[in-house]
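Heads up: the structure comes next, in structure tokens.
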């Protein structure tokens, strides 16, 4: 997404049609896990922060949606997410595949707890 946006709503409005549903589903997970979190644009992508601490970034691309960063996780969750790991700090979910929303929720909870000290 090359264009600059100032709000998450503006970012979402500019998504390719095939990215809208996956982006919206992951956004809903983030907002359910941390309803008090503030959504904003940071590093050119939707970012959620709790008490001023950013804990997750979400971006939509031509072929996938990505979550950043990757949290420290147990072996079971790591094994389940291996197909989605891209680099050291990215989880990539192809638009053509069903989203593993239960695993995404686990990731978002871990990120929130680890990065905001809410564990």
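The values are calculated or read from the model by the stated rules, or taken from the named source; none is laboratory data. Worth saying up front: this structure is predicted, and the values here are computed from it rather than measured. Every residue, glycine as well, gets a Cβ built from its backbone with ideal geometry; the counts of neighbours run over all protein chains shown.
Would you confirm, using the coordinates I've provided, whether residue 27 is touching a residue at least 24 places away in the same chain (Cβ under 8 Å), assigned to a helix (DSSP H, G or I) and touching a strand residue (DSSP E or B) at 6+ places or on another chain (Cβ under 8 Å)? Before the answer, list the steps.
Values: touching a residue at least 24 places away in the same chain (Cβ under 8 Å): yes; assigned to a helix (DSSP H, G or I): yes; touching a strand residue (DSSP E or B) at 6+ places or on another chain (Cβ under 8 Å): yes.
Judged against the criteria, residue 27 is a match.
With the requirement that a residue be surrounded by 14 or more Cβ atoms within 10 Å (Cβ to Cβ) and assigned to a loop (DSSP other than H, G, I, E, B), what does the range 38-60 give you?
Result: 44, single match.
Yes/no per residue for (1) modelled with pLDDT of 95 or more; (2) buried (at least 20 other Cβ atoms within 10 Å of the Cβ); (3) in a helix (DSSP H, G or I):
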| site | (1), (2), (3) |
| --- | --- |
| 67 | yes, yes, no |
| 76 | yes, no, yes |
| 80 | yes, no, yes |
| 97 | yes, no, no |
| 104 | yes, yes, yes |
| 107 | yes, yes, yes |
| 111 | yes, yes, yes |
| 118 | no, no, no |
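Name the single residue, out of those in the range 15-27 being loosely packed, with under 15 Cβ neighbours inside 10 Å and out of contact with any helix residue (DSSP H, G or I) (no Cβ under 9 Å at 6 or more places or on another chain), that is nearest to residue 107 (Cα to Cα).
Only one residue tops the list, namely 21.
So residue 12 passes all but one of these: (1) in a helix (DSSP H, G or I); (2) surrounded by 19 or more Cβ atoms within 10 Å (Cβ to Cβ). Which condition number does it fail?
Here residue 12 meets the rest and fails (2).
For the range 47-73, which residues satisfy the criterion of being farther than 21 Å from residue 94 by Cα and in contact with a strand residue (DSSP E or B) (Cβ under 7 Å, 6 or more places away or on another chain)? Full working, then the answer.
Filtering the range 47-73 down to residues farther than 21 Å from residue 94 by Cα leaves 48-55, 72-73.
Matches in the range 47-73: 48, 49, 54, 55.
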